[in-house]
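In what follows, a structure is listed as structure tokens, so that the remarks can point back to it.
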Amino acid sequence: MLGIIPQLMLLSILAFLIMKVAPGDPVASLVGGREFMTEADYQRVSRNLGLDRPVLVQYGIWFENILNGDWGRSIADGREIRGIVLEGLRVTLVLVGFSWLTITLLAIGAGYWAGTRAHSWPDYVISTLALVSFATPAFWLGLILILIFSVRLEWLPSAGQSTLGREGGLADQAAHLVLPVMTIVLTHVGPCIRLVRGSVRDVLSADFFRAARARGLARTTLILRYLLPNALTPFITWAGFSFPLLVGGIFIVEWVFGWPGIGRLFLQAAISRNYPLLMAVVLVTGVLVIIGNLVADLLVAWLNPKLRRGHGR
Amino acid sequence: MEDDVRMVVRLPGVIQLIRAMPLFFRHRLARAGFWVLAVIAVLSLFGPLWFGNDALTPDASRIYSPPSAGHLLGTDQLGRDLFLRILEGGRVSLLTGLAATLLATFFGCLYGIASGMARGWLDRILMGFLDALISIPVILLVIVSQAFGESSLLKVTLVIALASWMGTARMMRTECRTLMEADFIKAAIAGGASSIRLVFRHLLPNALAPLVVVVTVGVGQAILLESTLSFLNLGVPATVASWGNLLGNGMSSVLSGAWWVVLFPGLSIVLTVLAINLIGDGLRDTIDPKHRSQY
């Protein structure tokens, strides 16, 4: 639990460093170049912006502002960054939510199916698909899906969150979700299926499970009380670990499909070197990932009483 | 005394690897992966020398021509032969992936061994930092650092390496921890072996087997990362062909219906990474006795 304090500290330092390594002179950029201001003006503006203070003090002020909800303004259009980021986050969470739901259901379903039928042909098919999915770059799969379903078959839209002029339609929004969700699911579900498959097999041959089966418990009790909680523990641990990786995958998928979420915001900001926005996105995403890790840890402890003792540290 | 100890433990990592080779080649998937990768690597490294560069000069008369006998995989948006472009890009992608992984391995080993051999506060600080770093989406920092400043092959390689050494470091620390408890290491320490000797004679050779597996899988991941960065124009410079760069304006190719320009470079990435992962799986199965029963 206490481990998240150094994590958050390191994260905030790294986010702060983005400003420090960003190219260009922030003071000079205010008026379009150093030659447009006198030396005295330059010094005065630097002092007003607090740039003459020690770096640690600057970091402290920045951090305090963040906590107070003042995240600065975007270089590109002068809008409040907090509003931009929170709106992007809302849009992204729709995508992430649907993707995670599908990944979890597929991983449990396919993993259970393959694990209980080890070395049968469905098992081989699922395992092969899992291997291929692990080797496929998300952006490329996105392009291929657009090629098939938008360009050739013209079944599904290729970009955006809704068709212009028809913003309200639920069916329209759902259609825009299909391809991005499919891309994220197909590129991330592989390792999940393999993991669930492996742990289902482990549990099936474990003594406690055989004993439970020998007691003649009902099939549903066996699956719901004995098999799934134990088989899902490694999956949840892994899910917590893989949040940082998932972030990269989602960002690139948003880029390919023009999904107006935090990932596209981030990549646009990176390309236009809009560093205040970059700092905010890194910080917000990082905090969410760290919280995600924590939730996964707690969930594992809740599922597996054996681990509860270890959490007193 | 020390000599005897050395006789017994000198090359176990290497011996493990050599012993695993026949087993490795009996592992069907691993063998397939090995040959696929070998063909791709040889074609990429020597193909451009063999086929010449004539078909790589832009030619307005054959922009986006579909696959045909003359151009096996078609031509791209500048009328260049796609097959040759893929071979050219493969050289960059494979070498960048390999170089980045070797760098990451070097740094990861250094960090992991330092942490594994140190006791007390130094180990705690190193591990605390590593844990914190692993929990942060480093990919975002990679993108930021690529967006600021000029891009070059060397910089991409360094950045990919910096984003991927953490797993190796953690694995090496665990290995070192286990090995430091082993009797032969204690004997070596009692015999007065220096730290450097300990690392190069005992720790590294004994940790070689799991290290090889981690490195193999790492190359695949590095290739994926490089292609993603290059696709965003944040990877290798636009003048250099890499598999990611070939897909750089993939969206406009897709929308103009030139499916081959998107399909084939991507398939090369998938095939290569898949082959590397199969080799990694095979190595793990054959080197680590725990996994042997699985195939």
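The values are calculated or read from the model by the stated rules, or taken from the named source; none is laboratory data. Since the model is a prediction, treat every value here as computed from it, not as a measurement. FYI the Cβ positions are ideal-geometry reconstructions off the backbone, even for glycines, and counts take in every protein chain you see. These area figures cover heavy atoms from the full protein model, side chains too; ligands, DNA and RNA do not enter into them. Shrake-Rupley method; radii C 1.70, N 1.55, O 1.52, S 1.80 Å.
List of remarks:
- Accessible surface, the range A:81-312, averaged per residue in Å² (probe 1.4 Å): 47 Å²
- Evaluated at q = 0.14 Å⁻¹: base-10 log I(q)/I(0), Debye formula over Cα of chain A: -1.15
- Residues whose amide H comes within less than 5 Å of that of B:Val236, counting only those at least five positions distant or on another chain, are B:Ser230 (H built at 1.01 Å from N in the peptide plane).
- Choice from B:Phe34, B:Phe46, B:Phe106 showing the highest fluctuation, given a GNM over chain B with Cα pairs closer than 10 Å: B:Phe46
- When nucleic acids and ligands are ignored and a 1.4 Å probe is applied, A:Arg273 ends up with an accessible area of around 100 Å².
- Inter-label distance, A:Leu294 to B:Leu102: 4.3 nm, where each label sits 7 Å from its Cα along the C-beta direction.
- Distance (nanometres) between label positions extended 7 Å along Cα→Cβ at A:Ala211 and B:Phe200: 5.4 nm
- Remark: accessible surface ordering of B:Thr57, A:Thr116 (largest first) is B:Thr57, A:Thr116, probe radius 1.4 Å.
- For the residues B:Asp281, A:Asp202, A:Asp123, a 1.4 Å probe over the protein chains yields an accessible-area ranking, largest first, of A:Asp202, B:Asp281, A:Asp123.
- Fraction of alpha-carbon pairs over 36 Å apart in the protein assembly as shown - percent: 45 percent
- To put it simply, the accessible area of chain B at a 1.4 Å probe is 69 percent carbon and sulfur.
- Accessible surface of the range A:81-312, 1.4 Å probe: 67 percent of it comes from carbon and sulfur atoms.
- Put simply, the convex hull of the Cα atoms in the range A:178-249 casts, on average, a shadow of 5.7 nm².
- Per residue, chain B exposes 46 Å² of accessible surface when a 1.4 Å probe is rolled over the protein heavy atoms with every protein chain present.
- The calculated FRET efficiency for A:Val45 paired with B:Phe46, based on their beta-carbon distance and R0 = 51 Å, is about 0.30.
- Cut-off 12 Å (backbone N to label point 7 Å along Cα→Cβ of A:Ile271), residues of the range B:242-261: B:248-252
- Protein accessible surface hidden between B and A, which excludes ligands and nucleic acids, total in Å², probe 1.4 Å: 3700 Å²
- Per-residue packing, averaged as other Cβ atoms within 10 Å, sorts the ranges A:81-90, B:128-137, B:189-198, A:251-260 into the order A:251-260, B:128-137, A:81-90, B:189-198, beginning with the highest.
- Here, chain B is characterised by an Rg to Rh ratio of 1.06, where Rg is the alpha-carbon radius of gyration and Rh the Kirkwood radius.
- Along the range B:233-243 the Karplus relation, 6.51 cos²θ - 1.76 cosθ + 1.60 evaluated at θ = phi - 60°, assigns HN-Hα couplings of 6, 10, x, 5, x, 4, 6, 9, 7, 9, 4 Hz to successive residues, with x for each Gly and Pro.
- Label sites at A:Tyr124 and B:Ser61, each approximated as a point 7 angstrom past Cα along Cα to Cβ, lie 5.1 nm apart.
- A Förster radius of 41 Å combined with the Cβ-Cβ distance from A:Val178 to A:Arg117 puts the calculated FRET efficiency at roughly 0.90.
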